[in-house]
Amino acid sequence: MVDFQLPTFAVFLIVAVKASALEKYTAAVYEHSVILTGDTPKNVTPEDALKLMNKNLDILEGAIKEAAEQGARIIVTPEFGIFGWVFTRQTLYPYLEDIPDPQVNWIPCMEPERFGSTSVQVRLSCMAKKYSIYVVANMGDKKPCNSSDPKCPSDGHYQYNTDVVYDVEGKFVARYHKYNLFATETYYDYPKEPEFVTFNTSFGTFGVMTCADVLNFREPAISLVEKFKVDTILFPTAWTNTLPLLDAIQFHSAWAMGMRVNFLSANIHNPAIDITGSGIFVPDGPPVYYYDMKTENGKLLLAEIDVHPHLSPTYPPPVNWSLYASSLKNVSPEIQVFTGAVYYDIFTFAELSKQAGNYTVCQKDVCCHLSYKMAEKRQDEAYALGAFDGLHVIEGEYYLQICTLLKCKSTDLKTCGQPVDTAKTRFDSFSLSGTFNTSYVFPEVLLTGTQLAPGEFQVLTDGRLISKNSISKPVLSVSLFGRWYGKDSPHPQFTSP
Ligand SMILES: *[C@@H]1O[C@H](CO)[C@@H](O)[C@H](O)[C@H]1NC(C)=O
Ligand SMILES: *[C@@H]1O[C@H](CO)[C@@H](O)[C@H](O)[C@H]1NC(C)=O
Ligand SMILES: *[C@@H]1O[C@H](CO)[C@@H](O)[C@H](O)[C@H]1NC(C)=O
Ligand SMILES: *[C@@H]1O[C@H](CO)[C@@H](O)[C@H](O)[C@H]1NC(C)=O
Ligand SMILES: *[C@@H]1O[C@H](CO)[C@@H](O)[C@H](O)[C@H]1NC(C)=O
């Protein structure tokens, strides 16, 4: 007996360690076609506000139920998914609830009266409990204040864009007030500090952030990953697609790869105003994503992903983004450069005039190198290599360093950088690199029809973004999107009155 016990125990231990390293869970995101309050802001009673919110919650409940039935442990629903975004500060008020600090230890579904008027919170909690799934939703928080606080708004309360999370018992486990409001969100207030909201589960550590948090400022995004070491970011969003470089699926999948973290992105579905694109993004490419400009319906996405991506054998190694490019000597042929605007930023471009070649284009400190081979050089399409090193200042201020290979809108080079969503030119190979001053670089590859290219490219540890084989569809853009946080402007919370 004794002879057998030791080895059996040892084998069991090895198996247990291996199993935990490879542990997976099913995650869900729901792209929701939100029912809006109307085309213009209007004053409504709290009863009418709740009626509208319940219509959206009915649809979200259908998705939550289906996700749970398919084995999902957690579901993310979009920013503005319960009441939309057509508000003034005043007309939003009836839609808000006072959301307590989760430390109060509260299951709203069990104690619905404990914090006053909290119908939305109670309903979300009850859904999580009933279907036994973590539920992530976005709603509005209101907090009274008075003249003892010099920043208190004149109407006597703060209004916050807020994510809430409930566990499988319906317990309220996380509350996050969005720190980086988009330019149009004038009906919400900035929280005084960035909040770092994380929680632990048996399937990993989670961090919560919202929409522009992924682009506008360093915090809370970077600390959630680097300091709090979350496995998965929960990301409710309402993201307007902005080609050529800031399409939702393009940028969010690139962020998951660059930051080497799981990223569950749930977007609104509203093709009429270019809002679509959700996905379950992981460090080595998305198992599932959705982009649909044709239908009006919502969409549930599910995928099985790693509990701890950093323990996975496919976890990508860290990258020195400037290593390859800064090792190159002055290889650039004499080429003609020109300028063009990409989402208001003035890039330096060079046309890819041959079927294959090596090009270098620089702007300030960033030099971008490209080696490429097209399957054929078409006469009806133009491509360019672009470099940008500067502060973006429209609809948010953030410092960028970017290298991009993109299709110009037409063969007129003045159109390079303008949005275009179809292409015919196939690439046999590409290798793109740049002399970045930042280690926050997000690798993007976007194909015709606004499709991603999972498994078709990789990033080498020396910072080259390379194709693996010839690319399955014509290419819209290949980019290294860098954020140099050290050169950002101060947060608007410190500059606005
Ligand atoms: C002002 O608000 C603080 C909390 O923010 C509260 O403690 C205090 O009682 C309030 N004062 C008045 C006069 O309402
Ligand atoms: C989650 O677990 C980690 C590691 O055990 C711990 O360091 C961290 O404080 C926990 N976070 C929360 C929010 O409980
Ligand atoms: C990346 O490589 C460059 C060039 O060799 C080197 O100067 C730099 O220190 C490296 N950066 C990191 C973060 O290792
Ligand atoms: C580009 O450079 C690589 C390596 O430096 C070289 O092997 C290749 O022939 C060059 N391609 C063209 C088309 O000049
Ligand atoms: C940025 O990178 C360029 C090129 O590698 C280098 O010349 C420059 O000194 C760097 N600037 C800073 C502030 O690090």
| message | Being loosely packed, with under 15 Cβ neighbours inside 10 Å, closer than 22 Å to Val288 by Cβ and in the same structural domain as Leu405 (by TED's automatic domain parsing): is that true of Gly486 here? | response | no
| query | Quick check: is even one residue across segment 200-217 within 16 Å of ligand 3 (Cβ to nearest atom) and under 17 Å from the mean Cα position of the chain (by Cα)? | reply | no
| task | Have a look at Cys145, Cys152, Cys126 and point out the one that is away from ligand 4 (no atom under 16 Å from the Cβ) and closer than 21 Å to Asn56 by Cα. | result | Cys126
| When you go through Gly455, Gly386 one by one, which is the residue that is in contact (Cβ under 8 Å) with a residue 40 or more places away in the chain and more than 22 Å from Asn241 (Cβ to Cβ)? | Gly455
| request: Find the residue count for segment 134-192, including only residues that are part of a loop (DSSP other than H, G, I, E, B), in contact (Cβ under 8 Å) with a residue 24 or more places away in the chain and within 15 Å of ligand 1 (Cβ to nearest atom). | output: 6
| said: Just the residues that are open to solvent by 10 Å² or more (accessible area, probe 1.4 Å) and more than 25 Å from the chain's Cα centre (by Cα), please, taken from segment 397-422. | reply: Lys409, Ser410, Thr411, Asp412, Leu413, Lys414, Thr415
| field | Conditions (1) modelled with pLDDT of 95 or more; (2) open to solvent by 10 Å² or more (accessible area, probe 1.4 Å); (3) not hydroxyl-bearing (Ser, Thr, Tyr); number of the one not met by Val135 | value | (2)
| query | Which of the residues that make up segment 105-127 are without any contact (Cβ under 8 Å) to a residue 40 or more places away in the chain and outside any loop (DSSP other than H, G, I, E, B)? | reply | Val122
| task | Residue by residue through segment 269-310, note down the ones that are surrounded by 14 or more Cβ atoms within 10 Å (Cβ to Cβ) and either outside the structural domain of Arg73 (by TED's automatic domain parsing) or within 16 Å of ligand 2 (Cβ to nearest atom) (or both). | result | Val307, His308, Pro309
| Of all residues in segment 253-270, how many are over 22 Å from Ala63 (Cα atoms) and within 10 Å of the chain's Cα centre (by Cα)? | 4
| Before we move on, is Leu36 closer than 25 Å to Tyr291 by Cβ, assigned by TED's automatic domain parsing to the domain that holds Trp239 and part of a loop (DSSP other than H, G, I, E, B)? | yes
| Gln90 out of contact with any helix residue (DSSP H, G or I) (no Cβ under 9 Å at 6 or more places or on another chain) and either surrounded by 20 or more Cβ atoms within 10 Å (Cβ to Cβ) or without any contact (Cβ under 8 Å) to a residue 12 or more places away in the chain (or both) | no
| request: Could you please give the count of residues in segment 206-249 that are aromatic (Phe, Trp, Tyr), open to solvent by 10 Å² or more (accessible area, probe 1.4 Å) and in contact (Cβ under 8 Å) with a residue 40 or more places away in the chain? | output: 1
| query | Considering segment 453-465 alone, what residues qualify as being open to solvent by less than 10 Å² (accessible area, probe 1.4 Å) and part of a loop (DSSP other than H, G, I, E, B)? | reply | Ala453, Gly463
| remark: Of (1) at pLDDT below 95; (2) surrounded by 14 or more Cβ atoms within 10 Å (Cβ to Cβ); (3) more than 16 Å from ligand 5 (Cβ to nearest atom), Gln336 fails just (2)
| query | What number of residues within segment 51-78 are surrounded by fewer than 19 Cβ atoms within 10 Å (Cβ to Cβ) and in contact with a helix residue (DSSP H, G or I) (Cβ under 7 Å, 6 or more places away or on another chain)? | reply | 2
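The values are calculated or read from the model by the stated rules, or taken from the named source; none is laboratory data. Computed from a prediction, not measured in an experiment: that's the story for all the values here. Backbone-built Cβ (ideal geometry, glycine too); neighbour counts: all protein chains shown. Heavy atoms of the whole protein, side chains included, go into the accessibility calculation; ligands, DNA and RNA do not. Shrake-Rupley method; radii C 1.70, N 1.55, O 1.52, S 1.80 Å.
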